[in-house]
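Input: a single structure, listed below in structure tokens.
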Amino acid sequence: MINEIKDYNEINHKKIIDQIRCLGIDMINEAKSGHPGIVLGAAPALYALYANHLRFDPKNPNFFNRDRFIMSAGHGSALLYAVLYMAGFDITIDDLKNFRQLDSITPGHPEFGVTPGVDCTTGPLGQGFATAVGVAMAEANLRSRYNKEKDALIDYYTYVLCGDGDLMEGISYEAASLAGTLKLNKLIVLYDSNNICLDGNITDTFNDNVAMRFVSQGWNVITVEDGDSFEMISKAISEAKTSGDKPTLIEMKTTIGKYSLLEGTNKVHGMPLTKEDITNIKEKLGVRDIPFTISQNTCDDFQMLINERCKNLNNLFLERLNNLSVEEQNELNYFMNDNKKIDFIDLIYDAPESKEESPRDTSHKILNSIVGKKSCLLGGSADLFSANKTYIEEGGDFQKENYLGKNIFFGVREHAMGAIMNGLSLCGFRAYGSTFLAFCDYLKPAMRLSALMNLSNIFIFTHDSISVGEDGPTHQPVEQLLYLRSLPNMDVFRPADANEVIGAYKAIFEKEKGPSAITLSRNVLPILEYTKANEVEKGGYILVDTLRKPDGIIISSGEEIHQVLQASKMLKSKGIELRVVSMPNLNRFLKQDTEYIEKVLPVEVRKIVVEASPTYSWTSLIYNEKYIISQNNFGVSGNYKDVYEKYGLDANSLAEKIENLLK
């Protein structure tokens, strides 16, 4: 590839790399915060990647068949922004000067949708690495689906820059294991191996033989002994691209803070350099000691290399896109567009004759009716298909022999599952993943990034509430609902029966963008004649009303609705008339207009909440906590009816509590 570029050998590549280094440390010095160590140590790696390998269009950064680059070591954002600027993306010197400043497009860690050329929000170590596995899985699926004979419509590579910290995080083990199992050969990880972490030398905490670990997980491993040599790194990337059946880790032996007075120490990791040190570095590199001084020739040479190698990529893609059938073009347009709404009119649902069904079984029917018809829907379970009921019967399995399979076996890897879902969604899919609600804790970092990036993931959590029963408090979720509802931008549904499960999925699929979570009971529940699927999108609605002004309003969600209805009937026999409000999505309800909220919950009527979650879930709606009948303790092992009774959430106990509160 290098020989195809005119006058390649005449370009002063080291000068470009050193310009990148100096821009990065200038940004950090201007901001008075940042991470100069990785800027100085890993600049040759990013230059080798962008100059010689990464296929992209700086003028069209969202070009769909571009190679993806994920800066898993997100603290190296100054390095990335310097490279993007010099590569010709729509970033100015003023943007670099505003590094880490309010409302700039150069934030402290890379943010998807903020900076041109940033393919993923990163910063929490290990998340970018695992997300990249999802990006590579998306490519494998799309390549298998749309490539026709020799016309490689989809053929992008996924590249990652990670450090020792990324590989200490457990999520990287999970994701690497799955990537090796699936033989994702178009995934290439550049490992900035400098033996230093924030607190000191990694030998104090990290004695792994990283190469052997990755080999054992089914990866190629290439070692570059001189991580300051962009030529050796570029050669290693070329070798990695020849792999036909394995992802590749390129371990680059680098020096953190190269050329600094503090090089090779943890002191250069995360704080600005002194003016003396910056002057010293620029003198060694032959760069003028004036902040943000750019040699235009270095930018021109860098961009010439990119333009020569990447010209006509978009035109070729559009030409091959036109060779697809109209149906395939429409499908692929969905992946390339931001609107992720899915038509729900195709749903086929048959209610059981018994009029009783577990919400997770209803979910299973819905997913099997919808997912198989939509190429954009792809997901699976963390080794809980049989319990989560998310297996698509006619969908096939996503395996190394069949990347078109609908069912992803994530294994017991909830951490990685969440991040992989983010990777799939970044490539246009509507990804879904499932596990027990109590285990959503394992997904929290990935869910948070999903919400930050506004990705259209669907998190399916079964075994809701203390009604899990015999499995005991380790498997009985209590505080998880509070977290999910408090997560900005997360749309959380807790349906009471089959009708509300249908309504929840309808609301989720018909959203244009953004992540959603749905929590489902495993218990068989009555399908209520007065639950309304079409009302779920409002978050809350009147389930049962009175003929006169109610004596009180009981608000509930999920399985507790059924106990509330029984308690309401008991109290009605005593002359106490209650309105029952179902609240499958609290945050959606709070966003309704004042007129609707007051219609459902008139100010002058006393209100009581019943839900097996912490009191704090409801303080935005009910200000006096004594009117919130909640679950603030861990559960216990036992029959779920006995557990409900122990904590006063059975119908008899609720009737007594409600009556006393209304006196």
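What the table shows:
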{"quantity": "Whole-Hz ³J(HN,Hα) from phi, Karplus 6.51 cos²θ - 1.76 cosθ + 1.60, for the stretch 129-139, glycine and proline x", "calculated": "4, 5, 4, 4, 5, x, 4, 5, 5, 4, 4"}
{"quantity": "Amide H within-cut-off set for residue 163, under 5 Å, with H built and near neighbours excluded", "calculated": "73, 192"}
{"quantity": "Contour minus Cα-Cα distance for residue 299 and residue 594 (0.36 nm per residue)", "calculated": "100.6 nm"}
{"quantity": "Counting all C-alpha pairs of the stretch 55-206, share separated by more than 29 Å (%)", "calculated": "22"}
{"quantity": "Selection from 345, 335, 325, by position along the positive dipole direction of the stretch 297-360 (Cβ)", "calculated": "335"}
{"quantity": "Rounded percent of accessible protein surface that carbon and sulfur make up, the chain, 1.4 Å probe", "calculated": "47"}
{"quantity": "Karplus-derived 3J(HN,Hα), 6.51/-1.76/1.60, for each residue of the stretch 204-221, Hz, glycine and proline x", "calculated": "6, 9, 9, 10, 5, 8, 4, 4, 5, 4, 6, 4, 5, 8, x, 10, 6, 10"}
{"quantity": "Dimensionless Rg/Rh of the stretch 609-663 - Kirkwood Rh, Rg from C-alpha atoms", "calculated": "0.99"}
{"quantity": "Ranking by accessible area, most exposed first, for 627, 159 with a 1.4 Å probe", "calculated": "627, 159"}
{"quantity": "Estimated D of the stretch 328-446 in µm² per second, where Rh is the Kirkwood radius over Cα pairs and Stokes-Einstein applies at 4 °C, 1.567 mPa s", "calculated": "85"}
{"quantity": "In nm, spacing of pseudo-spin labels at residue 330 and residue 412 (7 Å Cα→C-beta vector)", "calculated": "4.5"}
{"quantity": "Cα centroid of the stretch 136-164 to Cα centroid of the stretch 1-68, whole Å", "calculated": "23"}
{"quantity": "Distance histogram in 20 Å bins (all Cα pairs of the chain, percent per bin)", "calculated": "18, 45, 28, 9, 0"}
{"quantity": "Gyration tensor (alpha-carbon) shape descriptor, the stretch 378-418, a/c threshold 1.5", "calculated": "oblate"}
{"quantity": "Gyration tensor (alpha-carbon) shape descriptor, the stretch 185-329, a/c threshold 1.5", "calculated": "oblate"}
{"quantity": "Unit charges on C-beta of K, R, D, E only; dipole of the chain, Debye", "calculated": "740"}
{"quantity": "Chymotrypsin sites (Phe, Trp or Tyr not before Pro) restricted to the stretch 171-210 and DSSP loop, no more than 14 other C-beta within 10 Å", "calculated": "206"}
{"quantity": "Pair residue 290, residue 577: separation of 7 Å Cα→Cβ label points (nm)", "calculated": "8.4"}
{"quantity": "Segment residue 661-residue 569, length gained on full extension (0.36 nm per residue, minus Cα span)", "calculated": "31.5 nm"}
{"quantity": "³J(HN,Hα), Karplus 6.51/-1.76/1.60, whole Hz, each residue of the stretch 233-242, x for Gly, Pro", "calculated": "5, 4, 4, 5, 5, 4, 5, 4, 6, 8"}
{"quantity": "Charge-dipole axis of the chain as Lys and Arg at +1 and Asp and Glu at -1 on Cβ define it, positive-most pick from 386, 238, 222", "calculated": "386"}
{"quantity": "Segment residue 353-residue 14, extension gain: residue separation times 0.36 nm, minus the distance between their alpha carbons", "calculated": "114.6 nm"}
{"quantity": "Helix-only CD estimate at 222 nm, as mean residue ellipticity for the chain, using -39500 (n - 2.57) per DSSP H run (n ≥ 4)", "calculated": "-11500 deg cm²/dmol"}
{"quantity": "Cβ-derived FRET efficiency at R0 25 Å, residue 337 paired with residue 316, nearest 0.05", "calculated": "0.75"}
{"quantity": "Residue-normalised accessible area of the chain, expressed per residue, 1.4 Å probe, Å²", "calculated": "39"}
{"quantity": "Distance (nanometres) between label positions extended 7 Å along Cα→Cβ at residue 55 and residue 151", "calculated": "1.6"}
{"quantity": "Rg and Dmax [Cα atoms of the stretch 129-202; Å; Rg one decimal, Dmax integer]", "calculated": "15.1, 52"}
{"quantity": "Dimensions (Å) - the stretch 95-173, Cα atoms, principal axes, largest first", "calculated": "49, 31, 14"}
{"quantity": "Among 75, 53, 43 the positive-end extreme of the charge dipole of the stretch 1-93 (Cβ point charges)", "calculated": "75"}
{"quantity": "Interchain or long-range residues, amide H under 5 Å from residue 356's placed H", "calculated": "527"}
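The values are calculated or read from the model by the stated rules, or taken from the named source; none is laboratory data. For clarity, every value in this text was computed on a predicted model and none was experimentally measured. Don't worry about glycine lacking a Cβ; one is built from the backbone with ideal geometry, like all the others, and counts go over all protein chains shown. Heavy atoms of the whole protein, side chains included, go into the accessibility calculation; ligands, DNA and RNA do not. Shrake-Rupley method; radii C 1.70, N 1.55, O 1.52, S 1.80 Å.
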